[in-house]
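Asker: Quick one: structure below, then a few questions.
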Amino acid sequence: MAKTAISQQKSALSETAFAWLLIAPAMLFILVIVAWPLLETIRLSFTDANLGGESYVGTKNYEDLLSSRKFSQTVSRTFYWMFFSVMLKLILGLIGACLLNANVKGKGLFRVLVMPPWVIPVAIGCIGWLWLYNGHFGILAGIGQRLGILDGPFEFLAYKNSAFWSAIVTDVWVGTPMVTLFFLAAMQGVPVDLYEAAYIDGASRWYRFRRITIPQIFPVIVSMMLLSAIWTFNSFEVIWILTEGGPRSATTTLIVDTYKTAIANFKFGKGAARAVVIVVLLSLFSLFYLLVLGWLNKRMGSK
Amino acid sequence: MASLYLQSISKSFGDTQVLSDIELAIDDKEFVVFVGPSGCGKSTLLRIIAGLEIASAGSVVIDGNDVSKLHPVERGISMVFQSYALYPHLTVYENIAFPLRVQKLSNKEIESKVKQAAEVLQLTTRLQHKPGQLSGGQRQRVAIGRSIVRNPKIFLFDEPLSNLDAALRGDMRVELAQLHKDLAATMVYVTHDQIEAMTMADRIAVLNNGQVEQFGTPMELYHHPASKFVAGFIGQPNMNFIPASVVGVASNLLSVSLAGNVQLSLPVNCETLAVGDAIELGIRPEDIILNPPSDGFELNVSFVERLGGASITYGTVADNVRFCGAFDGNAAIQAGSTTLVGADVKDFHVFDEQGRALRRMLAPELAVIV
């Protein structure tokens, strides 16, 4: 009693007002850098804004997008891009985490060696890959020729298919280390007792991995799936540095298309419409993820 | 069911010697408890029996076969962990079924075995729950269920009750003892709690510093501890130790003198001692008599715990030697007072300078106790 009386005397503000005061700076920050640009983008998407000015055009931008074959190709390409890149990152990340989790000499060193693709600036890494993919001077084409797989210089980024897969490889290279480290951290959080109990019961390595490791780290797998899906969906630098979306739009994903339209061609209104499509798609994706996560927690969780 | 023989087992991790030359023979259907303070090597020894650790030297023999190089499953052991090691993402049913699924038994077989185990452990209504929804005691039972369904030759328990609250621990002690009787299985149980050891064990192995101090029945350890360490470890509250010196040695009668000019003649086998040797006397709190008929020590009482049935009295005797006595619940003692206490000469334990116990001649004989 005495304690509450004292605190009431001292504080002029009510508890609610004080709480609002505490979160006000963060709120203001988010309003200015997230909410306002988002609303402005939505407004712009209903105009034909360009360098010369803007006027309201209703839903014309969206109608154009819906009827454009090129745009629907871009959307499906983006999903391909996201699907393959994320899958490879998860699979390689899981394998890498298992290897790093092994109790071998120098495991600290191995763990450090995983980091560079993620630590060095993406632009620098991509320029390195640009050289690797180079047909005349690149090491990949060189090795291919030495081994007799290629019968001459091969420009990996000059053909539609090879450019698409080359971009995926580079994106996977950039994105895998972090996935690996998250998986590794999750694996290290699995109590050793569980493995020992299963070992005593005669469970093989693979059985233990399948029935203990995977279920135990599953929440992390799902989280990394969503996060890297969003990052991959919006991954811009890798594609822009390697191919600028080419050749013949083979590597143009939604984000590259949006940039080309809005920034490179100054069609702000059309670009804004594309940006809104990205927001909607990612929101749907996140919603789907939350539903799946809820279902999984019910099924695999501890409660 | 099976016998277990540990043949001069040693274990070291790097330069640290954890176990040295452990030699223990455990009979079929016996309930043996390894007890000792933290770091005495008891859990390591259990893990060596299980096959989770490999002994640096020596061998594990089950039913006459050296199993040191065999996988746990081939050894025919099962183990209950301190943390229970239940799979949080699986139901109780699947947790118990886990070892059977590993063996690739048919669903029908699995169901009948799990149901049977659940019945024994009163888990039938909980089979579809996740471990997170169970109480501590129920989780414990699931862990036991998982080891029962394997039908192992030897059950191993690694401090299984230490995560339970005191009341539940008491219940589970009784349940485990009952289970041992029902299954008629060989069980090896590790604990640091001497009460668990005393109440459940057929025989207790007291470990200290990686060595077996004594291996015997609970009452043997209580009445005839082999060393000062065992004497201090077994029994609650702990035994009192009072320094003394030898003033006379006769056949099975030792005369000692204590601080405070007290002289005692104790019925122990004292042929290894000589006049003038420094020794220590041990006396259990429950053997101490308030206001003895003969002479005794002055006990400066500093604290009295009234447990209802007993009054545990703490204080000092002679030259500030800490002393504890367990008296009648209504005993007329008060903190801050001084009172005269004593004990029957047959109840004294005597330890030489190396901490080895001298044979007590008038203590209950083993044949009578067992």
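The values are calculated or read from the model by the stated rules, or taken from the named source; none is laboratory data. The shown structure was predicted, so the numbers you read here are calculated from the model rather than taken from an experiment. Here the Cβ is made from the backbone with ideal geometry for all residues, glycine too, and neighbour counts use every protein chain on show. In case anyone asks, the SASA skips ligands and DNA or RNA and just uses the protein heavy atoms, side chains included. Shrake-Rupley method; radii C 1.70, N 1.55, O 1.52, S 1.80 Å.
Asker: Can you give the relative contact order of the stretch A:145-240 as a percent, counting alpha carbon pairs under 8 Å and 6+ residues apart?
Answerer: 30
Asker: Another question, if that's okay. If a/c stays under 1.5 just call it rounded; otherwise compare a/b with b/c (prolate if a/b is bigger, oblate if not). Do that for the stretch B:207-326, with a ≥ b ≥ c from the square roots of the Cα gyration tensor eigenvalues.
Answerer: oblate
Asker: Shifting gears a bit: Can you put A:20, A:81 in order of accessible area, largest first, using a 1.4 Å probe?
Answerer: Largest accessible area first, the list is A:20, A:81.
Asker: With labels modelled as points extended 7 Å from the Cα through the Cβ direction, what inter-label distance (nm, one decimal) is found for residue A:35 paired with residue A:266?
Answerer: About 3.4 nm separates the two model spin labels.
Asker: Could you work out the pair-distance distribution P(r) of the stretch B:1-44 from its alpha-carbon pairs, with 5 angstrom bin width and percents rounded to whole numbers?
Answerer: The calculated distribution, bin by bin, is 6, 18, 24, 25, 16, 8, 3, 1.
Asker: Let me ask you something else. Helix by helix, which DSSP H runs in chain A go 30 Å or more along their axis at the Cα atoms and have an average Kyte-Doolittle hydropathy of -1.0 or more?
Answerer: Qualifying helices: A:69-101, A:160-188, A:268-300.
Asker: Let me ask something else about it. What is the P(r) of the stretch A:219-303, as percent of Cα-Cα pairs per 5 Å bin from 0?
Answerer: 3, 13, 18, 18, 16, 11, 8, 6, 4, 2, 0
Asker: Which value in deg cm²/dmol, rounded to the nearest 500, describes the helix-derived mean residue ellipticity at 222 nm for chain B, given -39,500 (n - 2.57) per DSSP H run of n ≥ 4 and division by the residue count?
Answerer: One gets -7000 deg cm²/dmol as the mean residue ellipticity at 222 nm.
Asker: On to the next question. Summarise the accessible area of chain A (1.4 Å probe, protein heavy atoms) by the percent that is carbon and sulfur.
Answerer: After summing per-atom areas, the C and S share lands at 70 percent.
Asker: With a point put 7 Å past each Cα toward its Cβ, work out how far residue B:219 is from residue B:65 in nm, to one decimal.
Answerer: Inter-label distance under the simple model: 3.8 nm.
Asker: Next question. Which of A:163, A:198, A:123 moves the most in a Gaussian network model of chain A with Cα springs under 10 Å?
Answerer: Comparing A:163, A:198, A:123 in the GNM, the peak value goes to A:198.
Asker: Considering only C-alpha atoms, what is the centroid distance from the stretch B:65-114 to the stretch A:219-268, in Å?
Answerer: After rounding, the separation between the Cα centres reads 49 Å.
Asker: Another question, then. From the alpha carbon gyration tensor of the stretch A:67-302, can you work out the equivalent ellipsoid semi-axes (sqrt of 5 times each eigenvalue) and give them in Å, largest to smallest?
Answerer: Over the Cα atoms of the stretch A:67-302, the ellipsoid semi-axes are 36, 26, 14 Å.
Asker: Residue-wise, which Karplus ³J(HN,Hα) couplings in Hz belong to the stretch B:295-308, taking 6.51 cos²θ - 1.76 cosθ + 1.60, θ = phi - 60°, and x for glycine or proline?
Answerer: Once rounded to whole Hz, the list reads 7, x, 9, 7, 9, 8, 6, 10, 7, 10, 9, 8, 8, x.
Asker: Tell me, what is the FRET efficiency for residue A:55 and residue A:99 to the nearest 0.05, using R0 = 41 angstrom and their Cβ-Cβ distance as r?
Answerer: Approximately 0.10, to the nearest 0.05.
Asker: Right, next: Nearest 0.05, what FRET efficiency do residue B:252 and residue B:356 give at R0 = 22 Å with Cβ-Cβ as r?
Answerer: 0.85
Asker: To continue, here is another question. I need to check one value: relative contact order of the stretch A:200-303, counting alpha carbon pairs closer than 8 Å and at least 6 residues apart, in percent.
Answerer: After rounding, I find 20 percent.
Asker: For the pair residue A:188 and residue A:80, what calculated FRET efficiency results from E = 1/(1 + (r/R0)^6), where r is the Cβ-Cβ distance and R0 = 35 Å, to the nearest 0.05?
Answerer: After rounding, the FRET efficiency stands at 0.55.
Asker: A follow-up question, please. Could you work out the relative contact order of the stretch A:67-302, using alpha carbon pairs under 8 angstrom and six or more residues apart, expressed as a whole percent?
Answerer: 26 percent.
Asker: Leaving ligands and nucleic acids out of the surface, order B:280, B:74, B:109 by accessible area at 1.4 Å, largest first.
Answerer: Largest accessible area first, the residues go B:74, B:109, B:280.
Asker: Using a 1.4 Å probe on protein heavy atoms only, how many Å² of accessible area do A and B hide from each other, summed over both chains and rounded to 100?
Answerer: Roughly 2100 Å² of accessible surface disappears when A and B pair.
Asker: As a test of reading the structure, rank B:98, A:288, A:46 by solvent-accessible area (1.4 Å probe, protein chains only), most first.
Answerer: A:288, A:46, B:98
Asker: For chain B, modelled as a GNM with alpha-carbon contacts under 10 angstrom, which of B:313, B:124, B:272 fluctuates the most?
Answerer: Sorting by GNM fluctuation, first place goes to B:272.
Asker: Continuing with the same structure: Going by the alpha-carbon gyration tensor, a ≥ b ≥ c the square roots of its eigenvalues, is the stretch B:306-348 rounded (a/c under 1.5) or, if a/c is not under 1.5, prolate (a/b greater than b/c) versus oblate?
Answerer: Since a/c reaches 1.5 but b/c is at least a/b, the shape of the stretch B:306-348 is classed as oblate.
Asker: On alpha-carbon atoms, Rg over Rh for chain B using Kirkwood Rh?
Answerer: Radius of gyration over Kirkwood radius for chain B works out to 1.05.
Asker: Report, to two decimal places, the Cα Rg of the stretch A:123-198 normalised by 2.2 N^0.38 Å (N = number of residues).
Answerer: The stretch A:123-198 yields a ratio of 1.66.
Asker: Quick one: 3J(HN,Hα) in Hz for the stretch B:134-143, Karplus 6.51/-1.76/1.60 with θ = phi - 60°, rounded, Gly and Pro as x.
Answerer: Going residue by residue, I get 9, 7, x, x, 5, 4, 4, 5, 4, 4 Hz, with x marking Gly and Pro.
Asker: Also, I was wondering about something else. In Å², what does the accessible area per residue of the protein assembly as shown work out to with a 1.4 Å probe?
Answerer: Each residue of the protein assembly as shown exposes 50 Å² on average to a 1.4 Å probe.
Asker: What does the accessible area of residue A:98 come to, in Å² to the nearest 10, when a probe of 1.4 Å is used?
Answerer: It works out to around 50 Å².
Asker: To the nearest 10 Å², what's residue B:84's accessible area with a 1.4 Å probe?
Answerer: Its accessible surface works out to 20 Å², give or take rounding.
Asker: Among all the aspartates and glutamates, which ones have a C-alpha under 20 Å from residue B:69's C-alpha, if same-chain residues fewer than 8 places away are not counted?
Answerer: A:196, A:201, B:21, B:23, B:53
Asker: Ignoring everything except DSSP H segments at least 4 long, calculate the 222 nm mean residue ellipticity for chain A; use -39,500 (n - 2.57) per segment, divide by total residues, nearest 500.
Answerer: Computed mean residue ellipticity for chain A: -22500 deg cm²/dmol.
Asker: Let me ask something else. How long are the semi-axes of the equivalent ellipsoid of the protein assembly as shown, taking √(5λ) for every eigenvalue λ of the Cα gyration tensor, in whole Å from largest down?
Answerer: In descending order the semi-axes read 73, 33, 25 Å.
Asker: Oh, and also: If the elastic network links every pair of Cα atoms under 10 Å, which of A:18, A:156, A:182 fluctuates the most in the Gaussian network model of chain A?
Answerer: Comparing A:18, A:156, A:182 in a Gaussian network model of chain A, the most mobile one is A:18.
Asker: Now a separate question. In whole Hz and in residue order, list the ³J(HN,Hα) couplings for the stretch B:243-250 that follow from phi through the Karplus curve 6.51 cos²θ - 1.76 cosθ + 1.60, θ = phi - 60°; x for Gly and Pro.
Answerer: x, 7, 9, 7, 10, x, 10, 10
Asker: To continue, here is another question. Could you please report the charge total around residue B:283, scoring K, R as +1 and D, E as -1 over all other residues with beta-carbon less than 12 angstrom from its beta-carbon?
Answerer: Local charge sum for residue B:283: -2.
Asker: Can you find, among B:199, B:355, B:327, the residue farthest towards the positive end of the dipole of chain B? Put +1 on the C-beta of Lys and Arg, -1 on that of Asp and Glu.
Answerer: Value computed over the given set: B:199.
Asker: Taking the alpha-carbon distance from residue A:107 and a cut-off under 18 Å, which lysines remain once sequence neighbours fewer than 8 residues away in the same chain are dropped?
Answerer: Once the sequence-local lysines are set aside, nothing remains near residue A:107.
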